[in-house]
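See structure below.
The values are calculated or read from the model by the stated rules, or taken from the named source; none is laboratory data. What you see is a predicted model; the values in this text were computed from it and never measured. Cβ coordinates were reconstructed from backbone atoms using ideal geometry, including for glycine residues, and neighbour counts include every protein chain displayed.
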Amino acid sequence: MVSEIHGKDLDWFFQQWVYRPDIPQWRATWQCETRGPRIYELQLLIEQRQRNGLLLKAPVEVEIRLRNRTLRDTVWVERSSETFVYQCEEPPVTVEVDPDNWLLKKMAVIGQVVPSGLVADETDLTVNYPNPFLPRTHGWTHWQLQVAKVNTAIPLSVKIYNARGGLVTTLTDGKYSAGVYTLSWDGKDHSGARVAAGVYFCHLQHPSGESVKKLVVLD
């Protein structure tokens with residue numbers, strides 16, 4: 001009767017939600033990587049983990065929360081493992097699968113933002129963008145700082161040095177918890193004077209090691 005009213009074959013719906021006593025057990029994992037200036041690629045993996053091995057089919061809403069807006073999409077989940085890809089102008093704050101809890105299920109959602117060129121769960125810096133850097137034209141150049149998962153905040157510093165090894169300025173010097181941060185430099189030294197054109201080095205120092213990234217400043 002229901003199929004006749006809707007004009008569609010809904011046997012699959014009743015088979016999995018009415019006649020089977022199974023509760024879906026899903027796991028969602030998302031990862032976001034930088035692809036360019038204000039271009040971030042979010043990959044969402046949804047896995048079905050029912051103990052009996054039976055796969056369920058259902059439309060599921062995905063909610064991606066950015067700082068200034070929220071994106072919503074509906075995807076069909078019917079395989080044991082499926083990946084969905086989204087483009088965003090900034091890293092997401094949170095990603096929710098079935099945010100309104102329409103489905104009777106057990107769900108775990110795990111996610112992280114991984115800047116392009118870095119390895120997940122390592123403390124490191126990306127190469128700055130833009131590079132070469134023209135202060136008079138670009139205004140600022142930026143790095144993504146990734147801090148690995150730690151139980152407590154760790155001390156770290158990020159400093160700019162010239163080709164002779166002299167300290168130009170300190171971008172940050174403090175304690176950071178796990179996460180991804182943006183560091184910026186306007187091409188000026190610690191006294192506020194614009195630096196000369198040349199090669200400079202961005203040096204990250206933290207308890208587990210250090211990392212150095214080369215940048216070029218043009219006049």
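Kindly indicate which of Glu90, Glu82, Glu63 is under 30 Å from Thr182 (Cβ atoms) and either part of a strand (DSSP E or B) or at pLDDT below 75 (or both).
The conditions single out Glu63.
Regarding Tyr200, is this residue crowded, with 17+ Cβ neighbours inside 10 Å and under 16 Å from Leu125 (Cα atoms)?
yes
Filter region 74-99 down to the residues that are without any contact (Cβ under 8 Å) to a residue 40 or more places away in the chain and either under 19 Å from Arg27 (Cβ atoms) or out of contact with any strand residue (DSSP E or B) (no Cβ under 7 Å at 6 or more places or on another chain) (or both) and list them by number.
Passing the criteria: Val75, Trp76, Glu78, Arg79, Ser80, Ser81, Glu82, Thr94, Glu96, Asp98, Pro99.
Return yes or no: is Asn68 assigned to a loop (DSSP other than H, G, I, E, B), among the polar types (S, T, N, Q), at pLDDT below 90 and more than 23 Å from Gln25 (Cβ to Cβ)?
It is true that Asn68 is assigned to a loop (DSSP other than H, G, I, E, B), among the polar types (S, T, N, Q), at pLDDT below 90 and more than 23 Å from Gln25 (Cβ to Cβ).
Is it the case, given these coordinates, that Asn162 is closer than 21 Å to Arg35 by Cβ and touching a residue at least 24 places away in the same chain (Cβ under 8 Å)?
When the stated conditions are applied, Asn162 does not pass them.
Rundown of residues vs (1) under 30 Å from Asn128 (Cα atoms); (2) assigned by TED's automatic domain parsing to the domain that holds Ser184; (3) surrounded by 12 or more Cβ atoms within 10 Å (Cβ to Cβ); (4) under 25 Å from the mean Cα position of the chain (by Cα), yes/no style:
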| site | (1), (2), (3), (4) |
| --- | --- |
| Ala28 | no, no, yes, yes |
| Glu33 | yes, no, yes, yes |
| Leu44 | yes, no, yes, yes |
| Leu56 | no, no, yes, no |
| Thr70 | yes, no, yes, yes |
| Trp76 | no, no, no, yes |
| Phe84 | yes, no, yes, yes |
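Pairs needed: first member in region 23-36, outside any strand (DSSP E or B); second member anywhere, modelled with pLDDT of 80 or more and surrounded by fewer than 16 Cβ atoms within 10 Å (Cβ to Cβ); C-beta distance under 9 Å; at least 6 residues apart or different chains.
Listed pairs, sorted by first residue: Pro24/Arg49.
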